Amino acid sequence: MLESIIGEAGTWSMESLLICMGVAILLGAVISVTHKLTAKTTNNFLLTLFVLPVLVQVVILLINGNLGTSVAVAGAFSLIRFRSLPGNSKEIISVFWAMAIGLALGMGYIVYGVAIALIVAVVIIISNKLVFNKKDDTEQRLKIVIPENLDYNEIFDDLIKKYTDKSELVKVKTTNMGSMYELVYYVRMKQNISSKEFMDDIRCRNGNLLVMLERKELECLEL
C-alpha cells in the first residue's frame, strides 16, 4: 500500500500519471482551503498553493528519477514565490507543505502524499483554533511621522492613553533623509471612540504630517 506506483524501471504509465496529477490537484485544493481558513491571505496566493503540488510533481517527473536534481530544481522554482515581498511564517509553511506533497506524488507515493496532506491539515487547523489563535483581532497598526526636533518618547503618551486600551511602540526609524522619524505602534482602540478624533489630535502635534491607522495584517497581505 505504501509502495510507489511507478514501474520497476522507473517508467510512468499514462494511467499512473493521470492518477498522480489528479491527486495532486485535489491535495492542492486541501492546502488552499486550509490556508484560507487559518490565515489572512489573497486569492493569488491561494491559487499558487492550489497548483504548486502538481507543478512540483511535473518537475520531479521530468527529471526522470534523479532525486537530488529534482529537489534542487523544485527548490529553485519555489523561490519565484518570494521575488516581491517576504512571506510570513504561515505562508512559508504552506509553500513547503505543497512542495512536500508534490515531491511525494512525483515519486509515485500517493498514500504518502495523501497522508501528509491530511495530517498536516488537521494539525494546522487544531493548533490554529486551540493554541496559536489567541491574538486580539481588534489590534491595529498606527504609523506616525514626526519632525526630527520632536521627542517621540512622550509626546503622544496622553493621547494614546486617552483613546486606546493597549499600545506598544514596535518600531522607530528615520525617513526623508533623516529629517523625520517614523513611529509604528500596535494599538487597540477603546470602544465607542472615534478614530478620526484620535488621528486629528495626533495631526495637531505632528505638524499635520502622515498619520496612518490600519489592520495589522494588511502589511503582509499583498503577496
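No value in this document is a laboratory result; all are computed from the given coordinates. Predicted, not measured: the structure shown is a model, and the values here were computed from it. Cβ sites come from the backbone with ideal geometry, for glycine too, and all protein chains shown count toward neighbours.
Data for the structure
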| read-out | value |
| --- | --- |
| Whole-Hz couplings from phi, Karplus 6.51/-1.76/1.60, listed for region 172-189; x for Gly and Pro | 9, 8, 7, 8, 6, 6, x, 8, 9, 10, 10, 9, 10, 10, 9, 10, 10, 5 |
| For region 17-23, 3J(HN,Hα) per residue [Karplus equation, 6.51 cos²θ - 1.76 cosθ + 1.60, θ = phi - 60°, Hz, x = Gly/Pro] | 5, 5, 5, 5, 5, x, 5 |
| Amide H contacts of residue 40 (H built 1.01 Å from N, under 5 Å, at least 5 apart or other chain) | none |
| Cut-off under 5 Å, modelled amide H: who pairs with residue 215 long-range | 141 |
| Cβ-Cβ FRET estimate between residue 16 and residue 188, R0 fixed at 45 Å, reported to 0.05 | 0.25 |
